[in-house]
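The values are calculated or read from the model by the stated rules, or taken from the named source; none is laboratory data. Just so it is clear, the structure is predicted and the values come from calculations on it, not from any experiment. Please note: Cβ atoms are built from the backbone with ideal geometry, for glycine as well, and neighbour counts cover all protein chains shown.
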């Protein structure tokens, strides 16, 4: 049986290994063809000869790129992630390209990592490790604070935000939540309250954790005005999308002491930086460079999702979408499609 070749943009060895393992396990007639390049207008030519391409969180699928993919005969784009703010879905639909995503690979993986960032930056674990590597075993500069009895603000209470809220509640924190929709699973949690506005939430919170999507309403949500409303010295956690935080405003807030600490797994200009080895080329982003040097900041390279469990779900979900497409289903008929159903 001939194998269906699928082009894997933004491929790294860990992602290729996960796909190869599952394909071999299932005896699926697929061959993943890796390219380390991001999908974009300058790299779309690599898709010639493929019917299906797979992209990741920082690939850019513009209207122009969608048109080119259609001209090359690509009929399906499979996202290996939940976020799709870099994808022009309407343009893909116009050209008959089926677009699918993995809506929930492991909210536990991301939520647990948010807690790890909070504990790490609060208890100065990254600083302690660095000091010890240089022979400094003193406790100077390592004073943190108890989470118990403090207040945490959760912005966005979908699956991930709800898990974070429950974990922080178990730590003995008071929880304030803000979302357009209230999560029914949280309504009976003691010492947890939904508030109607950020103006009400922010002045009360020792910790603010972001778990909302990135869209026109949330782009640079954390700006000078947002930071100014917060409790002085608060800790910001972001494992959602980099574009939620204005990095210039964050820097100013940290230097002024209004932001006490920040733990981030995402960054607003991460596209050409994260997932790559930049030791030789360097980091040509002044704000990121400055943030990395601040002792009260802990930044990781968009790894919150990276567990064996989550990778397995990503692979299985995306391969099932591909099977459905190859069986003849198209656009909104494929599971987890982003293409809108036609209006009746």
**OP:** Tell me, yes or no, whether the stretch 44-62 has at least one residue that is under 18 Å from residue 313 (Cβ atoms) and without any contact (Cβ under 8 Å) to a residue 40 or more places away in the chain.
**Re:** no
Subject >> Options 282, 289, 253, 228: the member that is touching a helix residue (DSSP H, G or I) at 6+ places or on another chain (Cβ under 8 Å) and either under 26 Å from residue 161 (Cα atoms) or not assigned by TED's automatic domain parsing to the domain that holds residue 81 (or both) >> reply: 253
Original post:
Which fully enclosed helices (runs of 4 or more DSSP H) of the stretch 84-191 have 3 or more residues being touching a strand residue (DSSP E or B) at 6+ places or on another chain (Cβ under 8 Å)?
Top reply: 89-94, 107-122, 159-170
**OP:** Go through 110, 164, 143, 99 for me and flag whichever is modelled with pLDDT of 95 or more, farther than 29 Å from residue 185 by Cα and within 20 Å of the chain's Cα centre (by Cα).
**Re:** 99
Original post:
Pick from 139, 186: which is free of Cβ contacts under 8 Å to residues at least 60 places away in the same chain and surrounded by 18 or more Cβ atoms within 10 Å (Cβ to Cβ)?
Top reply: 186
Original post:
Taking the condition under 29 Å from residue 267 (Cβ atoms), crowded, with 22+ Cβ neighbours inside 10 Å and either touching a strand residue (DSSP E or B) at 6+ places or on another chain (Cβ under 6 Å) or assigned by TED's automatic domain parsing to the domain that holds residue 219 (or both), does residue 61 pass?
Top reply: yes
**OP:** Could you list, in sequence order, all residues of the stretch 5-20 that are under 21 Å from the mean Cα position of the chain (by Cα) and assigned to a strand (DSSP E or B)?
**Re:** 8
Subject >> Identity of the residue in the stretch 30-81, within 18 Å of residue 18 (Cα to Cα) and part of a loop (DSSP other than H, G, I, E, B), that ends up farthest from the chain's Cα centre (by Cα) >> reply: 35
